[in-house]
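Everything below concerns the one structure shown next.
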Amino acid sequence: MISKNKYDYIICGGGISGLLLSHALISDNFFDEKKVLLIEKDNKVNNDKTLSFWDNKKNILDKIADKIWENAEFRDTKFSNSFNLSPYKYKMVRSDRFYSFMKRKINKAANFEYLNATVKSISNEKDSNVVETSEGNFDCSIVFSSIYEPAKYNFDKYPLIKQHFLGWVIETDDVLFDDNKIRFMDFSIDQHKEIRFMYLLPFEKNKALFEYTFFGGEVMDDTDYEVEIKKYLNKEGIKKYKIVEKEKGVIPMTCYPFFNDNKDNFIKIGTAGGWTKPSTGYTVKNSIDKIQIILQCLKSNKPLSKLQFKNRFWYYDVLFLDVLIHSKGNGSKVFSDLFRNNDPLSLFKFLGEETNIFEEIKIFLSVNIMTFVKSLIKRISNISI
């Protein structure tokens with residue numbers, strides 16, 4: 001039964017970021033006396049996505065990780081590189097396992113309540129918030145919202161690239177896969193004047209996810225992706241297989257400063273808050289890191305409105321997306337140059353926002369630097385970043 005009393009915190013959205021935030025609050029004794037309501041419209045029981053990320057330290061998802069890899073591979077038409085990821089590891093969690101694990105934590109927490117409802121509106125006032133839902137209205141001191149509403153924003157200044165994909169999990173009778181090595185990106189496929197690659201996660205020696213992925217362009221019919229997956233499997237010599245699962249999705253890649261909507265009692269989280277890494281589309285690790293910053297602000301009573309999450313890597317991503325948008329079908333060359341001319345581990349470190357300025361200069365000098373300079377000049381001359 002949902003209480004009609006005022007809550008300290010309401011979390012709107014029980015996706016990745018909302019559940020990670022819930023877990024973080026439950027795990028910190030400081031928040032034991034805070035009344036928290038989590039609102040989610042869907043049941044969240046199916047495996048609707050694969051949560052993948054890399055890091056070099058333990059985190060809360062390690063105990064439910066379905067697979068952890070120590071090696072990776074990059075390919076294009078002229079170049080292939082296999083490498084060990086140490087000190088990093090590439091981790092994958094099935095979303096159904098993630099949802100189940102997080103819900104058990106929430107159900108055991110005396111100060112948490114879970115409401116299956118649709119959020120209709122959020123009224124934000126200086127001293128309080130009212131969240132209107134299909135199951136009634138609820139008051140709280142602070143709202144954390146992961147509700148992504150792109151139609152409300154103008155992306156002219158900060159363009160939006162859609163990362164869209166469809167994947168098959170297949171099983172084969174024969175042993176075909178190296179189950180300790182992911183294929184991070186394979187640009188050897190036909191680019192069709194766009195940016196396309198195949199992503200491969202081998203779960204077992206006879207079971208793997210093949211995901212056909214785009215950076216940019218419009219979402220296609222499922223059959224269009226599936227035709228390309230069939231072509232790739234055929235090229236790999238995989239003739240006999242059984243499709244056991246499918247997944248598809250669209251991830252927004254943009255540097256739009258959603259965090260400008262943050263107030264002392266209203267915070268955007270997840271993709272809605274700009275937590276998706278603009279240059280890669282990865283969200284999980286960013287969410288874990290940013291949630292810890294939010295918790296520190298809550299515990300030290302620092303103003304949440306100051307949470308901008310805008311550092312030099314954000315500026316790099318602005319330029320990188322500009323280059324991809326204006327690449328005229330040559331965007332894959334940027335990635336190929338990066339992996340051909342750098343130690344792959346330095347790239348993972350860079351994409352994880354862990355490098356220093358000297359390491360970053362070296363990486364930028366490894367590609368056609370003029371494309372980035374032109375993008376920077378255009379930004380400076382036309383609009384301020």
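So that you can scan it fast, the table gives a plain yes or no per residue for (1) of a type in the set (A, V, I, L, M); (2) assigned to a helix (DSSP H, G or I); (3) in contact with a Ser or Thr (Cβ under 6 Å, 6 or more places away or on another chain):
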position: Tyr316; (1), (2), (3): no, yes, no
position: Leu324; (1), (2), (3): yes, yes, no
position: Arg340; (1), (2), (3): no, yes, no
position: Ser346; (1), (2), (3): no, yes, no
position: Glu354; (1), (2), (3): no, no, no
position: Val367; (1), (2), (3): yes, no, no
position: Phe372; (1), (2), (3): no, yes, no
Search result, residues across the stretch 289-321 that are closer than 16 Å to Leu376 by Cα and in contact with a strand residue (DSSP E or B) (Cβ under 9 Å, 6 or more places away or on another chain): Asp317, Leu321
So Asp127, is it more than 30 Å from Leu321 (Cα to Cα), assigned to a helix (DSSP H, G or I) and not small (Gly, Ala, Ser): no
Determine whether Leu37 is in a strand (DSSP E or B) and under 19 Å from the mean Cα position of the chain (by Cα). no
Quick one: count up the residues across the stretch 48-60 that are crowded, with 16+ Cβ neighbours inside 10 Å and either more than 19 Å from the chain's Cα centre (by Cα) or more than 24 Å from Phe112 (Cβ to Cβ) (or both). 5
Output yes when any residue across the stretch 276-292 is surrounded by fewer than 16 Cβ atoms within 10 Å (Cβ to Cβ), in a loop (DSSP other than H, G, I, E, B) and over 11 Å from the mean Cα position of the chain (by Cα), and no when none is. no
Just one of Lys240, Lys248 is under 25 Å from Ile229 (Cβ atoms), in the same structural domain as Val169 (by TED's automatic domain parsing) and assigned to a loop (DSSP other than H, G, I, E, B); which is it? Lys240
Extreme residue, modelled with the highest pLDDT, among residues of the stretch 319-350 that are charged (D, E, K, R) and in contact with a helix residue (DSSP H, G or I) (Cβ under 8 Å, 6 or more places away or on another chain): Lys349
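The values are calculated or read from the model by the stated rules, or taken from the named source; none is laboratory data. Everything numeric here is computed off the predicted structure, so don't read it as measured data. So basically every Cβ, Gly included, is an ideal-geometry build from the backbone, and we count neighbours across all protein chains shown.
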